[in-house]
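J.: Right, I'll just put the structure down here and ask away after.
The values are calculated or read from the model by the stated rules, or taken from the named source; none is laboratory data. Since the structure is predicted, the reported quantities are computational estimates derived from the model, not experimental observations. All Cβ positions, glycine included, derive from the backbone under ideal geometry; neighbour counts span all protein chains shown. Ligands, DNA and RNA are excluded from the accessible area calculation, which covers all protein heavy atoms including side chains. Shrake-Rupley method; radii C 1.70, N 1.55, O 1.52, S 1.80 Å.
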Amino acid sequence: MVDKMSSCKVRLYQESDLLAVREIFTAGCCEHILPSFYNALRQPHNWLLLVVGLLLPMVTTGSIALSILCVIGVLIILWYPGNQFFHYHLNHALVVDLKDVRKYYLQREDYCFWVAELDGEVVGIVAAIPFITQHEKNVELKRMAVSRHHRGKGIAKKLCRTVIDYAQKKGCNAVILSTTTVEVGGWRLYEAVGFRPSHTKEQNTLLLRLAGISWLGYRYDICTST
């Protein structure tokens, strides 16, 4: 059996990669919409909404049809936050940094963008941007995504290591990143690589809080003595 991990190479972005990069990122964002809906359904306060939506019309009007319509309405409300959240971030990326990857990442100091290539096909992406505070010089890992058909081959870990190595060469203190509570595969991957949770931030809108979507911060400390 061919070792797919060994045949996968991570290289700097080229102009010919743009379409593949945009497709991989788009697919990665859109696939989080359904899990965000399931996450909303698991929130106890939303069980109450569904029960009220089912029983209240039936008790007050005796209409089963109205009860069903109310439940459907609640389900639509619970679908909306995740759908809007991930489409917003997708559209923002496509018109800001992924509109011209070379200009945004490769022509700016301490910014970088890589792709993972397997058998001549771009199957993964990742970016790094500087994140400098009063006390630390860090790198932020951004735009991590791997094609669904090529997961489980160690590609995402290799992309993470690329950013970590980049930060180490730059003399940074840490690599940081943000993900969400519904991106379970993502934060499990980061923890497996060695990232540790740094903070949790609740969303500032009622609908996102209703859906149980929060930001999760992660940090990978770099040993400056090596």
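J.: Charges only on Cβ, +1 for Lys and Arg, -1 for Asp and Glu: so what's the dipole of segment 50-155 about the Cα centre, in debye to the nearest 20?
T.: Using only the charged Cβ atoms, the result is roughly 120 debye.
J.: Measure nothing fancy, just the Cα-based angle from helix 18-30's long axis to the longest principal axis of the chain, in degrees from 0 to 90, nearest 10.
T.: Tilt relative to the chain: about 30 degrees.
J.: Put a dot 7 Å past each Cα toward the Cβ at residue 38 and residue 207; how far apart are the dots in nm?
T.: Each label point is offset 7 Å from its Cα along the Cβ direction, giving 2.3 nm.
J.: With axes computed from alpha carbons, what is the tilt in degrees of helix 155-169 against the longest principal axis of the chain, rounded to the nearest 10 within 0 to 90?
T.: Approximately 50 degrees, to the nearest ten.
J.: Also, I was wondering about something else. If the chain between residue 68 and residue 111 were fully stretched, how many nm would it gain, using 0.36 nm times the residue separation less the Cα-Cα distance?
T.: Length difference between fully extended and current span is 10.3 nm.
J.: Same structure again: Give the span of the chain's Cα atoms along each principal axis, as three whole-Å numbers ordered largest to smallest.
T.: 70, 41, 37
J.: Still on this structure, I have one more. When only the heavy atoms of the protein chains count and the probe is 1.4 Å, how do 163, 184 rank by accessible area, highest first?
T.: I get 184, 163, largest accessible area first.
J.: Straight distance only, please: which lysines reach the Cα of residue 137 with their own Cα at less than 17 Å, same-chain residues fewer than 8 apart left out?
T.: Result set, ordered by chain and number: 169, 170.
J.: Just want to confirm a number: the relative contact order over segment 57-208, from Cα pairs under 8 angstrom separated by 6+ residues, in percent.
T.: 14 percent
J.: Please list 99, 170 in order of solvent-accessible area, largest first, computed with a 1.4 Å probe with all protein chains present.
T.: Sorted descending by solvent-accessible area, the residues read 99, 170.
J.: Ok, one more. Treating the beta-carbon of each Lys and Arg as +1 and of each Asp and Glu as -1, no other charges, what is the dipole magnitude of the chain about its Cα centre, to the nearest 20 debye?
T.: Result for the chain is approximately 280 debye, rounded to the nearest 20.
J.: Which of the three applies to segment 77-211, rounded, prolate or oblate, going by the alpha-carbon gyration tensor with a ≥ b ≥ c and a/c under 1.5 meaning rounded?
T.: Rounded shape, in that the Cα axes give a/c under 1.5.
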